[in-house]
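*Asks:* Here it is, the structure in full.
No value in this document is a laboratory result; all are computed from the given coordinates. In this text the structure is predicted, and so the values were computed from the model without any measurement. For neighbour counting, all protein chains shown are included, and Cβ atoms are generated from backbone atoms with ideal geometry for every residue, glycine included.
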């Protein structure tokens, strides 16, 4: 028993020495990420970027097939336009001041034969436009997004008044808000 007491430290604390060994897995994992995963990720990102910018179109046949369709369809037909009469409408306002919209519009039609259809439906087209334009506020016409919405609405209304597909686009010649 006396011998056991001599083996213990005087303070009563047992000191244990632990040797720190570096983890081999941590270094191997970092090397794996550095030499395998990072280049693979760069290749994927570079390939996606090249695909979306169109660098692979000639290799994948995208340009050749689209080009054959465009060139094989024959000569492009010139655009045909139909001018609507100039319109002046009151805009919807909440205050005492009244605002006016003066607008001049051209319609792009599919072919010259559709001009007669538009002539027959002209009163209905003007009526649809007048009813819609009178409900607009000045805020509805602000910015390019407002003009694009106006263009789409007018196109829907003109195609509802005549056979669908007769009018391809609505073009603004003049627009004045006062």
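*Asks:* Report Rg (one decimal) and Dmax (nearest whole number) for the stretch 80-177, counting Cα atoms only, units Å.
*Replies:* Calculated on Cα positions, Rg and Dmax stand at 13.6, 47 Å.
*Asks:* Ok, one more. How much length is gained if the chain between residue 152 and residue 86 is pulled fully straight, taking 0.36 nm per residue apart and subtracting their Cα-Cα distance, in nm to one decimal? Don't skip to the answer; put the middle values down first.
*Replies:* Values: separation 66, 0.36 × 66 = 23.76 nm, distance 1.87 nm.
That works out to 21.9 nm of additional length.
*Asks:* For a quick check: sort 45, 109 by the number of other beta carbons within 10 angstrom, fewest at the front.
*Replies:* Details: 45 10, 109 22.
Final ranking by Cβ density, sparse to dense: 45, 109.
*Asks:* Work out how much length residue 102 to residue 168 would gain on full extension: take 0.36 nm times their residue separation and subtract the Cα-Cα distance, in nm to one decimal.
*Replies:* On the way: separation 66, 0.36 × 66 = 23.76 nm, distance 2.28 nm.
So the extension gain works out to 21.5 nm.
*Asks:* Here is a follow-up. First measure r as the distance between the Cβ atoms of residue 37 and residue 131, then evaluate 1/(1 + (r/R0)^6) with R0 = 41 Å and state the FRET efficiency to the nearest 0.05.
*Replies:* Step by step, r from the Cβ atoms, then E = 0.05.
*Asks:* Fewest to most neighbouring Cβ within 10 Å: what's the order for 30, 102? Please list the in-between numbers first.
*Replies:* Numbers: 30 10, 102 13.
With the sparsest Cβ surroundings first, the list reads 30, 102.
*Asks:* Still on this structure: Note down the nm distance, to one decimal, between modelled labels 7 Å out along Cα→Cβ at residue 144 and at residue 53.
*Replies:* Result: 2.3 nm between the two label points.
*Asks:* Sort 147, 34 so that the residue with the fewest other Cβ atoms within 10 Å of its own Cβ comes first and the one with the most comes last. Please report the intermediate quantities before stating the final value.
*Replies:* On the way: 147 14, 34 10.
Final ranking by Cβ density, sparse to dense: 34, 147.
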